[in-house]
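Written out below as structure tokens is the structure these notes cover.
The values are calculated or read from the model by the stated rules, or taken from the named source; none is laboratory data. This one's a predicted model, so the numbers in the text were calculated from it and none came from an experiment. Cβ sites come from the backbone with ideal geometry, for glycine too, and all protein chains shown count toward neighbours. Side chains included, ligands, DNA and RNA excluded: accessible areas come from the protein's heavy atoms. Shrake-Rupley method; radii C 1.70, N 1.55, O 1.52, S 1.80 Å.
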Amino acid sequence: MALLSYLAALASALAAAAAPAPTAPAAETARRVEERHKSVRDLQARFVQTYRSRLLGREIVERGTVSIKSPGRMRWEYRDPEPKTFVSDGKTFYFYVPADKQVIVRDQADTRGVTAQLLAGRLEILEHFEVGMETLEGRERLRLTPRKADPELERLYLDVDGSYRIRGIEIVDPQGNESRFEFQDLRENIGLPDRLFKFDVPRGVEVISG
């Protein structure tokens, strides 16, 4: 009987060892967020962007609308306090400030590019980030830390709702500056036209490659 009990206990232990380990809450949340946003073909929303400079101690708040469409296309239309436009057709990025009469053209996105990839479900979260949960002002949020050093990104945070839809993204750079995006009136899979992501340089505007 002792031998049978020992064998039964051993079999139970081996079965437990072979079973997959319970998924950590942060990793499970990240998977669900990624899965939820992979179903998004396009989206449009109102946004509020708050930028805090650690060095200057200043805070800048801007508002506008954002449109995103796979693969890699986006359009940020800032309305307040100053009109400006940030457009990507998936290959080239255009940043236009009418008051400056300049268009900056480049092939690399900034924090808006990371934000768009997350919203469009085009960023493999667990592959590129270590994840954890944090509580801020009574709400839980997902913390993402790059697995490889990034000169533009120290860490970022995701606020998600009960359906794992991203409602807010906060990005912290290595200098401690923070950019936070909050989204309202999100509409998904509404058939945004491709022409929305085409930028025509206005006449008389200086073009700067950067």
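Structure data summary
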| quantity | calculated |
| --- | --- |
| Reachable lysines, given that their alpha-carbon falls under 29 Å from the alpha-carbon of K148 and they are not under 8 places away in the same chain | K38, K69, K91 |
| Cβ-defined net charge surrounding P71, 14 Å radius [Lys, Arg +1; Asp, Glu -1] | +3 |
| Hull-based mean projected area of segment 70-210, where the convex hull spans the alpha carbons, in square nanometres | 10.1 |
| Backbone HN-Hα couplings from phi across segment 93-104 [Karplus 6.51/-1.76/1.60, Hz, Gly and Pro as x] | 10, 10, 10, 10, 10, x, 5, 8, 6, 9, 10, 9 |
| Contact order relative to length of the chain, as percent, for alpha carbon pairs under 8 angstrom and 6 or more apart | 24 |
| Sorted peptide list for 191-202, 72-83, criterion being average Cβ within 10 angstrom, highest first | 72-83, 191-202 |
| Amide H within-cut-off set for R41, under 5 Å, with H built and near neighbours excluded | N189 |
| Estimated [θ] at 222 nm from DSSP helical runs (n ≥ 4, -39500 (n - 2.57)) normalised by residues in the chain, nearest 500 | -6500 deg cm²/dmol |
| Angle between the chain longest axis and helix 2-18 axis [Cα atoms, degrees, rounded to 10] | 10 |
| Nearest-ten-degree value, helix 25-38 long axis tilted from longest Cα axis of the chain | 50 |
| Amide H contacts under 5 Å for G132, placed H, 5+ residues apart | R143 |
| Share of carbon and sulfur in the accessible heavy-atom surface of the chain [1.4 Å probe, %] | 50 |
| Cα-based reach from K101 at 19 Å (exclusive), listing lysines while leaving out same-chain residues under 8 positions away | K84, K198 |
